[in-house]
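Okay, so here's the structure we're looking at.
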Amino acid sequence: MFPLILVYVVLTIIRPQDYVPGLDLVPILPVVLLLAFGAWMFSNAKTFEAPQFVILPAFLLILMISQVTNGWSGGAIDELARFGPVVIAFFVFGAACTTQRRVSTAMAVFVVCAAILALHGVQQAKTGVGWTGIPIGEGNRIQYVGIFNDPNDLGLLFAATLPMAVFLGRPGRGFARVFWLGCAALLLYGTYLTNSRGAMLAVLVVAGCYLWYRRGMMVAGTLGVLGLVALKLVSSRMDELDAGEESAAGRVDAWYAGLEMFRDNPLFGVGAGNFTEYNELTAHNSFVLVLAETGFAGFVLWLAFVGYGFWMMLTVVRHRPAETQDAAKAAEWVAERQMALTLLLSLCGLFAAAFFLSRSYMVVLYLIAAMVAGYYVGARRRWPELPRFRLANQGWRWVPLGAGGVAFIFVLVAVLLRTT
């Protein structure tokens, strides 16, 4: 099961089926996922211990209902075909990533794949075209094929995998350390080449969260401001970061349009994938997109899905096990906490970038979320004193939190509209 789902991850990110002649005629990605799912079905590794394993199928059901309530019954089948494979990949990858060794291996696969895409971008920047045949984009912004044909999507991947590269390089020596830290540097350079403001801000968020954890809020805030100034100096698009700038103003207008859609269809939204039927631009915000397309019902589920991942990693990072004289046990806990911190920083980078992109249904987001959920399930097996999260106990909290999230978006958009 684990090798098969790793192959699926590689094919999802590197995507040779999108540019190698002949492979586009072979359903290689669905076949590999089906084989991995079959191995999962007949394995003893199946797990449903994390709330996300219940929330995600429920979210899929809401996606289907959102189509039916908007007058298109056939849309429910389309949503099942479109998002169903994402749910399957989440279940299989989450069940496979319950040991530290497997999580480290999964991180390594993500980092290597992201580094390959960054190398493709370097080639584009130097020659004007990458080995995929895709030329460099408008404004000399690098791009890839398939789901990464937008520079912003590349930046999201780089921001999410950067903490993993640093984590893999920290304990190594010699070639391994140089290799992984070299990958980290390559991902940073790739982020620069995307010229994506959202990705650059996401990297800044990752650095700020780490400094907050290590040095406190004041140091993180001070260096964050300095970092933002530095980004504005190195990137022409960051220098235009203002609510009144044309691109930013278009995003704010799209957010406002999304809120109007929510007002008109508050329970189930306008239907998954229908945002651009009501507005020329997409939402440019994953949270607004879910709210507009699936209504409050989908928004609460998606917020809970995202929130549990952060909550789990924070629980491990903040947990203080009982003091022990066993040095080996203490070292094991240090390693556990470092891995949880890495996954937490990856989530920070991922969703900081997703806040400025419409990537609510992107498979890579759910693969990283699966790694987080699977890791926490394994951490509880290794450290039984860690709490178990149950929807029956905490699920009700997401309703008022969802209402608060909607209120926050309304206030944010109102403020931004006044400054546009």
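The values are calculated or read from the model by the stated rules, or taken from the named source; none is laboratory data. Keep in mind the model is a prediction, meaning the values are calculated, not measured. With ideal geometry, Cβ positions are generated from the backbone for all residues, glycine too; neighbour counts draw on all protein chains shown. Please note that ligands, DNA and RNA were not included when accessible areas were found on the heavy atoms of the full protein model with its side chains. Shrake-Rupley method; radii C 1.70, N 1.55, O 1.52, S 1.80 Å.
Within the range 150-172, does at least one residue satisfy the condition of being modelled with pLDDT under 85 and open to solvent by 30 Å² or more (accessible area, probe 1.4 Å)? Yes, the range 150-172 contains a residue that is modelled with pLDDT under 85 and open to solvent by 30 Å² or more (accessible area, probe 1.4 Å).
Restricting T294, T315 to those that are closer than 28 Å to Q394 by Cα, open to solvent by 10 Å² or more (accessible area, probe 1.4 Å), of a type in the set (S, T, Y) and part of a helix (DSSP H, G or I) reduces the list to T315. Residues in the range 372-420 that are open to solvent by 60 Å² or more (accessible area, probe 1.4 Å) and of a type in the set (D, E, K, R): R381, R382, E385, R388, R390, R397, R418. Residue count for the range 123-132 under the criterion of being crowded, with 16+ Cβ neighbours inside 10 Å and out of contact with any strand residue (DSSP E or B) (no Cβ under 9 Å at 6 or more places or on another chain): the result is 3. Only a single item in (1) part of a helix (DSSP H, G or I); (2) among the aromatic types (F, W, Y); (3) in contact with a Ser or Thr (Cβ under 9 Å, 6 or more places away or on another chain) is not met by F356, and it is number (1).
Scanning the range 1-19 for residues that are at pLDDT 90 or above and outside any helix (DSSP H, G or I), which turns out nearest to the chain's Cα centre (by Cα)? If we take residues in the range 1-19 being at pLDDT 90 or above and outside any helix (DSSP H, G or I), then R15 is nearest to the chain's Cα centre (by Cα). Scanning the range 70-112 for residues being open to solvent by 50 Å² or more (accessible area, probe 1.4 Å), among the hydrophobic types (A, V, I, L, M, F, W, C) and either out of contact with any Phe, Trp or Tyr (no Cβ under 9 Å at 6 or more places or on another chain) or without any contact (Cβ under 8 Å) to a residue 40 or more places away in the chain (or both) gives a total of 5.
Checking the stated criteria, A184 turns out to be under 18 Å from the mean Cα position of the chain (by Cα) and either of a type outside the set (V, I, T) or part of a helix (DSSP H, G or I) (or both).
Residues of the range 268-291 that are assigned to a helix (DSSP H, G or I) and without any contact (Cβ under 8 Å) to a residue 12 or more places away in the chain: T276, E277. Residues that are out of contact with any Cys (no Cβ under 6 Å at 6 or more places or on another chain) and within 13 Å of F351 (Cα to Cα) were ranked within the range 200-223; the one that is surrounded by the fewest Cβ atoms within 10 Å (Cβ to Cβ) is L204. Give me the residue from the range 43-69 that is modelled with pLDDT of 90 or more and of a type outside the set (A, V, I, L, M) and, out of that set, farthest from M1 (Cα to Cα). That would be T69.
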